[in-house]
Amino acid sequence: MKLAGFRALAEQVRNPRLVAAQRRTALRKCLERFAPYGHRATWHHLCTRAGITPQDRDPDPERLMAALAELEEARTLWLAYEAQFATRRRREKHDGIRQPSAIDDWHRRTWGGCDIVPCAAPHRHPAARLAVVLHSMITAMESGRPRRNCPVCGGSRFNWRTDTTGCPEAGPVCGGCGVVAPAGILTREALTAAGPGDDAAAAGRLPAYAAA
C-alpha cells in the first residue's frame, strides 16, 4: 500500500469535509515526512505557536491550518536549499571535484528534512518560526566559519549531551534554545567549554559538519 506524501496529507489538513480529529492526524503524519526538530519537538513547537494543546484530539481547525502554514513555509525553504545543494554537487562532479566537503556530511545526515536542527528535549525548542531557524542554520553552515555561539539563538553556553535517547546523536546542546548544534560549526574553545571530553576531541572523533 502506497503511503500518502506530504502534499496529499497537507490537503487532508485543509479539507473542511474532514472532522478536526482526522485533520489533526493528517498533520501529525506530515511530520513523518518533514520534521526539522524531530517528530516530537516539531509537533510541540507547532502546537505552542498555533495555540493548540498537544494532546487535544479535537483542535480548532483554524489553528491546525496555522500550524500547517508554518510547516509548509519551512519545507519550501528546505526543498529550495536541497535543490541548490544538488545542483552544486552535480557541477562539482562535472568539474572533477569528487571529494565531498565537510558540509556535505551535515547535508547527508539531514537529507529528507528530519532532524535538521535536532532538539535535545521535545518540550524545549527555539521560539522563532521554523523557516527563520532553518535559514539561520543553513546560513551558518554554508559560511563554513567556526563560531563560539549558537547559530540559532546566539547563546554562548553549551552542554555536551551523551544520552541520545529520543535524540539522533550526541553533541553540544545550546543552553538558550535547546538545539543540538553541529559540533563542526563551533570553535574548539566552545567545544572544550561544553565538556565533550579531551580524549574524544584529541582523537578527532567529533563530527565535522561545517566546512573548515
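In summary, helices (runs of 4 or more DSSP H) completely within the range 1-53 and bearing 2 or more residues that are of a type in the set (Val, Ile, Thr) occur at 39-50. For beta carbons closer than 8 Å, sequence separation of 6+ or different chains, a first residue in the range 48-67 that is of a type in the set (Val, Ile, Thr) and a second that is part of a helix (DSSP H, G or I) and modelled with pLDDT of 95 or more, the qualifying pairs are 52/46; 52/63; 52/64; 52/67; 53/47. Considering only residues that are more than 16 Å from residue 35 (Cα to Cα), over 12 Å from the mean Cα position of the chain (by Cα) and aliphatic (A, V, I, L, M), which ones fall in the range 122-166? 140, 141 - these are the residues of the range 122-166 that are more than 16 Å from residue 35 (Cα to Cα), over 12 Å from the mean Cα position of the chain (by Cα) and aliphatic (A, V, I, L, M).
The values are calculated or read from the model by the stated rules, or taken from the named source; none is laboratory data. These numbers were taken from a predicted model, which means no experiment stands behind them. For neighbour counting, all protein chains shown are included, and Cβ atoms are generated from backbone atoms with ideal geometry for every residue, glycine included.
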